[in-house]
Each structure stands twice: as C-alpha cells, then as structure tokens.
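All of the numbers you see were taken from the coordinates with simple rules; none came from a lab. This one's a predicted model, so the numbers in the text were calculated from it and none came from an experiment. Here the Cβ is made from the backbone with ideal geometry for all residues, glycine too, and neighbour counts use every protein chain on show.
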Amino acid sequence: MDFVFRLESRIIRGTRAIAIVGFVGLLVVALLTMLDVSLRWVANAPIKGLNDISGLAIAIVIASCLPLVVAQRQNISIRFLGEALGPGAARWLDAFGSGALLAFVALIGWQLAMHTVGMAESGRTTWHLRIPVTPYWSAATLLVVLCIPAQAIAFIADVLRAMTGAPPRAKEAEDADGVRAA
Amino acid sequence: MTDPLIIGLLGFAGMFVLIALHVPIGAAMGIAGFVAFGLMAGFKPAVTLFGTETATALGNLDLAAIPLFLLMGGFAALAGMSADAYRLAQALCGHWRGGLAYSTILGCAGFGAVCGSSVATAATMTSIALPEMRERGYRASLATGCIAAGGTLGILVPPSIIMVLYGVLTEQFVITLYVAAIVPSVIAVTLLLVAAAIVVRVDPGAGPAGPRATRAERVAAAIGSWAVLFLAVVMAAGIYTGIFTVNEAAAIGTALAFFVAAARKRLTPRIFYRTLVDAASTTGMIYLMLIGANVLSYFVTASRLPEVTVAAVQQLSVPPIAILALLLAIYIVLGAIFEEVSVMLITLPFVLPLVVGYGYSPVWWGIINVIVIEIGMIAPPIGLNVFVVQSLARDVPMKTVYRGILPFFYALLLTLALLLAFPPLTMWLPATLGMK
C-alpha cells in the first residue's frame, strides 16, 4: 500500500516538472510575441509565421498542465454529500469520483490519439510556414495520455484509502513536497 | 425514452447526480453529455466528441490568453505590483476615515487592471492590506470584507480571464466585452467605495483615520507604482487602440511583468517554479472543465432543450425582465453551491439562447454574468474569495468575514440591478466605438 502512495507522490513531482517545462515554453512564446509586436510596430517587420509556431506550442503547453491537475487532484468537485455522510462515506465517494475521472481522461486520451492519427494521415501542415503538425500534436497527445496512468494510480490510492481509512492525499503530498498546491 | 428532450432533461439531471457523488465537475459534464448524446445519436459518434472537443480546446489560440493572463498575474503579484497599487491609493486617501478600506478597493481595481483573476487579487491584497488595516485598528469585519469584495474586481476590470472564456464560448469578441466592462467597473468600484463610506459613517471606530501623506510621500508613491501604471497603460492602450490583440496583450503583459519581477530580484528559482506551477494547475483545471463543458454543450444543442425552453418560457407572457431576474436569482443560488466558472460553463448552453431570444445582447449578458459571478464569489456558504481571505487571516472567524462582506454584497447587488435596469450603461461605450 505504501508503494502506491509513494508512487503517487513521485507522479505528482513528475507531472509538476512537465508543467514547469511547458510553462517555460509559454514564457518563451510570450517573449517572442512581444518581440513580434515591437518589430511590427516599430519597423513594420513582424516575425514571419509566429502565429503558426505559437499555435503548435500552445497545444503542447496546455497539454503539459493536464497531468498535473489530475495528479494533484485540482479538479473542482462539490463535497457536500460526503461532509453530510461522514468521513468513511466521503472516502468512498472520493474513490467513485476518482473512477469517473479516470473514465473521462481515458476517453479523452484515447479519442485524442485517434484524432491525431487522423491528422497524420491527412498530412496537415500549418498555414504560413507549412510545418507538419503531426509531431507537435503527437507530443501534445502523449502528454494528455499521461493523465491516464496518473489518474489510475490516484484512483487505486483513493480506493485503498477508502478501504483502510487512511488520511486524504492532499496533505501528504503537501508535506512530502514542501510546496503548497495552487 | 428516445425523445431527445427527455434524454436532454435526464442528461442534465444525471450531471447533477454525478456532481453530488464527488465526480469532478468537468468530468461530470463530459460523461453526462457523452451518455446522453450517445443515447440520442449512437455511442460511436458520441465518443468522438472527446477527441474533437479536446483538440478544439487545445488548438484554440484565443483561449491561450487564459494561461498568459494567469502567468501575468502571478509575475505581477511577485513583482509587488499589487503593493504598489495599494500604496498609491493609500497615499491619496489613506488619511480619511475608512481611507485604508478605500485604498484596498482602489488597489484591487488597479491590480485587477493587470491581473485577470479575482482569487489572485484577493490573495495578494490580503497579504498587503490586511496587516496595515489591523495595525491602524480597523475592525476585522471591515478589513476582511472590503478585501474579499474588492478582490472580485479582478474579473470585472479588464483584462479578465472569465471574459476570455465567455467570449470564446459565445463567439463574441473579447475586446468588445472588455470595452463593455469599463462603465460597469467604474460603477462597481464607486458603489463599493460608497459601501465602505457608509460603514465608517455608521460605525466610526470601524476604520479610524490615519496620518495624511506629505506631498513628497505622494510623489514617492506615484513613482514607486510606475510598474503597475505602465503595465496597465500599455495593455489598455494597446488593446483599445488596436495596436495589438487581446492575446498579444496577454503575452506582452506576461513578458513585462516577468521582467519587472526579475529586475526587482523577486524571482528565485523556487518562487519562479512555484509561479509556473500555480498558473499551470489553474490553467489545467479550467481546460478540463472546458472540455467537459464542450461535450455537454454539444449534446444540449442536439437535444433542442434550449429552443424548447425558450419557446415554453416565451409563451408564459411574463415580462423578460422578470425572467432575467429569476435567472439571476438561480445564478446566485448556484453560485453559493458551485464554483463560479463552472456555474457559467454549466448554464451557458441553456441560458444564452433564452437571453438572446428575448433580444438582449450576448455582450451585455456577458457583463451581467460576470457581476453575478462576482456576487457568488462573496456569497455564503462557499464564496470563494471569502475562503481565500479567511485562509490567510485564520484568526478572523468566518462569521466576521461574512458580516463584513454584507455592505459590499449589497453594493454589488445594486450594481447588478442598475446594469439590469439600464442596459445602455453597459452597451453605450461599445456602441459609441462602433463595436457590436
């Protein structure tokens, strides 16, 4: 059981690292956009095709933060019923919610993969620079698919907690990482 | 059972059941939408919605303003811009009775002009304004109440993250929403200031007057707040004059806030990473809800529920304003149970056709929606801003925070009533500037 909880903490740290890399990319896009606007305004010479690059980068950036949300359980849920029924029932409800989220991210990951396969078959490129979109969308899809194992572990951990009455995960993760979640 | 309308209603009920069973709201919307659409049109087309709607959300460049504004808000707070805005307001009106409450509200509005999030505004202003007010002997109720209420200005004063979301979902220009929000923002700020003034008039001990800032102190405060003023002016001037788009404004704001934070030596690696992680987790949370909402929206449209509801309601011969008032009452009740962004995502597919069916502008409704969300953010039992403020001021009982909020809650209700009764207050400026 401890193995599952340790794995859960490692997944949180891993997904956090992925999100950091993704958002450093977002910062780079922001800096390039500022340069583009400045060049356009001052010298009427914008960076050619920046929109193409930004479009591809943004998909990866957004995909990079989805595993983090899943692993850290930052999804918004309403917990009135659990509070009314008591801690034991709340743990089982949490496990049910976790299972439903697993089904949701599995459907998203599977269908996005199919969508990306379709994109690869059609040989889609960007509008101006004619960059093939498949490698970038494959990367974004891979990041989204990472939500599935992350949530599967979270689900197993939630079921174990419901069975054993272990305390909620959020506090453990906070203590282990020393960084408060957003 | 094959009637799309019945499936639609059951799908909607199923979503609420899932939400009650601790299923995250985004997943509940997505699963309910998928099952209901599957029953109507077959599960093969239904399952493909998860691929297309996810790809649409990830590839939508307009939505990219959301993570950028979140990041900008994070860097701006880190750079101390919220403190700058507060200090400037404090230097100007801190010597009046209740002056620090006015400063807090004005500081929130000022910081709201460089940060599109209410929670971020409330959190940063709590750490800055609350110690000052308590040191000056302000009552905890007024101090916490004005911060929680002032924090809501983060989503009303442009740029606003929720308006980006609304604009994308309803296919309205975000810039039109931003222009439409200007007059309502002024009204909301004014009425919040009036509420604070009434509190200190009724109870002078609630917010004692402080020493008057000297001319040199005022000049120093103005100079010290150059960064927040510069950022707000660059963004507003750039967006409203058309030099750059909303997305570009978000990117430029992020870059400038990052530079200011770096120049002020506030960016240690640990804090830098934490800012990125905070922005990333909020972004991911919004996007997962958005994907679920898009699947739900697809099924709602296919079920014809909105058309049938609009037709049924219009047959009642009830004045449109009464219907709107009822909708807003429902929103406030929902806002007290649900998190505010999710309220908008859940209800928009049903409510917007009704409002537009009565001939109201979707832009006007967007602003009304944001004001209602603001009210929900301070309404019991789960006003998000109240929790944010209370989590940072743990010695203040929740009851005290809610008591302090009451005058500001009424001020926001009055703002809502004014905008509801006089739509030109919202639509005049966009119309004058030739926007629809």
The farthest towards the positive end of the charge dipole of chain A, of the residues A:H115, A:I18, A:L39, given +1 on Cβ of Lys and Arg and -1 on Cβ of Asp and Glu, is A:L39
With Cα springs under 10 Å, the Gaussian network model of chain A assigns the largest mean-square fluctuation among A:R13, A:R73, A:R124 to A:R124
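Extension gain B:Y240-B:A325, at 0.36 nm per residue separation less the Cα-Cα distance, in nm? Kindly include the intermediate steps, with their values, before the conclusion.
Details: separation 85, 0.36 × 85 = 30.60 nm, distance 3.20 nm.
Stretched fully, the B:Y240-B:A325 segment lengthens by 27.4 nm.
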Computed from the beta carbon distance with a Förster radius of 60 Å, FRET efficiency for B:K265 and B:L10 to the nearest 0.05 stands at 0.55
Listed residues B:S103, B:S297, B:S391; largest mean-square fluctuation, Gaussian network over chain B with Cα springs below 10 Å, found at B:S391
Two pseudo-spin positions, 7 Å from Cα along C-beta at A:L35 and at B:W226, lie apart in nanometres by 2.6
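Volume per residue, Å³, of the convex hull around the alpha-carbon atoms of chain B? Intermediate values should be presented prior to the final figure.
On the way: hull volume 63.3 nm³, N = 436.
Normalising the Cα hull of chain B by residue number yields 145 Å³.
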Across B:252-264, the residue-averaged tally of Cβ atoms belonging to other chains within 10 Å stands at 3
For B:Q172, the residues 5 or more places away or on another chain with a placed amide H closer than 5 Å to its own amide H are none
Between the residues B:A129, B:I243, B:T176, the Cα farthest towards the positive end of the dipole of the range B:109-243, that dipole coming from +1 and -1 charges on the beta-carbon of Lys, Arg, Asp and Glu, is from B:A129
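Which whole number gives the average, over all residues in A:66-73, of C-beta atoms from other chains lying within 10 Å of the residue C-beta? Working shown, then result.
Numbers: counts 9, 1, 6, 12, 4, 2, 5, 1.
For peptide A:66-73, the averaged partner shielding equals 5.
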For the range B:228-352, the dipole about the Cα centre with charges only on Cβ (Lys and Arg +1, Asp and Glu -1), to the nearest 20 debye, works out at 560
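Other chains near A:57-64: what is the mean number of their Cβ atoms within 10 Å of each residue's Cβ? All intermediate terms of the calculation are to be shown ahead of the outcome.
Numbers: counts 1, 9, 7, 1, 6, 15, 4, 3.
Average neighbour count from other chains, rounded to a whole number: 6.
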Here the relative contact order (percent) of the range A:51-159, from C-alpha pairs under 8 Å and at least 6 apart, is 45
GNM of chain B, Cα pairs under 10 angstrom: of B:G42, B:G11, B:G253, the biggest fluctuation goes to B:G42
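Based on alpha-carbon positions alone, could you give the equivalent ellipsoid semi-axes of the range B:317-425 from the gyration tensor, as √(5λ), descending, whole Å? Don't jump to the answer; show the numbers that get you there.
Details: eigenvalues 161, 42, 22 Å².
For the range B:317-425, the semi-axes come out at 28, 15, 11 Å.
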Expressed in nanometres to one decimal, the distance between label points 7 Å along Cα→Cβ at A:A166 and B:V17 is 3.1
Residues meeting the amide H criterion for A:T125 (H placed from the backbone, H to H distance under 5 Å, 5 or more places apart or on another chain) are A:V133
Descending packing, highest mean Cβ count within 10 Å first, for B:29-35, B:230-236 is B:29-35, B:230-236
In debye to the nearest 20, the charge dipole size for chain B, taken about the Cα centre with +1 at each Lys and Arg Cβ and -1 at each Asp and Glu Cβ, equals 1220
The ³J(HN,Hα) series, computed from each phi in the range A:56-64 with the Karplus coefficients 6.51, -1.76 and 1.60 at θ = phi - 60°, rounded to the nearest Hz and given as x for glycine or proline, is 5, 5, 4, 4, 5, 4, 5, 4, 5
Taking Rh as the Kirkwood radius computed over alpha-carbon pairs of the range B:249-389 and applying Stokes-Einstein at 37 °C with viscosity 0.692 mPa s, one gets a diffusion coefficient in µm² s⁻¹ of 184
A:S122 and B:Q314 label points (each 7 Å along its Cα→Cβ direction) are spaced in nm at 3.5
Phi-derived 3J(HN,Hα) across the range B:273-280 with the Karplus relation (6.51, -1.76, 1.60, θ = phi - 60°), rounded Hz, x for Gly and Pro, is 4, 5, 4, 5, 5, 4, 5, 5
The set of residues whose placed amide H lies less than 5 Å from the amide H of B:H22, leaving out same-chain residues fewer than 5 positions away, is A:I78
Relative contact order as a percentage, chain B, C-alpha pairs under 8 Å and 6+ apart, gives 26
Once the dipole of the protein assembly as shown is set up from charges on Cβ (+1 Lys and Arg, -1 Asp and Glu), the residue from the list A:L101, B:V341, B:T190 lying farthest towards its positive end is B:T190
Taking the alpha-carbon centre of each part, the distance from the range B:170-235 to the range A:82-142 in Å is 42
If each part is reduced to its alpha-carbon centroid, the range B:255-311 and the range B:321-367 end up apart, in Å, by 20
Measuring from its Cα centre, the protein assembly as shown shows a charge dipole (+1 at each Lys and Arg Cβ, -1 at each Asp and Glu Cβ) which, in debye to the nearest 20, is 1220
If the label point sits 7 Å along Cα→Cβ of B:L433, residues of the range B:208-243 with amide N under 11 Å come out as B:236-243
Checking rank on B:364-376, A:125-137, B:167-179, B:412-424, with mean other Cβ inside 10 Å and highest first, the result is B:364-376, B:167-179, B:412-424, A:125-137
Scalar couplings 3J(HN,Hα) for the range B:67-77 by Karplus 6.51 cos²θ - 1.76 cosθ + 1.60 (θ = phi - 60°), nearest whole Hz, x for Gly and Pro, are x, 5, 5, 5, 5, 4, x, x, 5, 5, 5
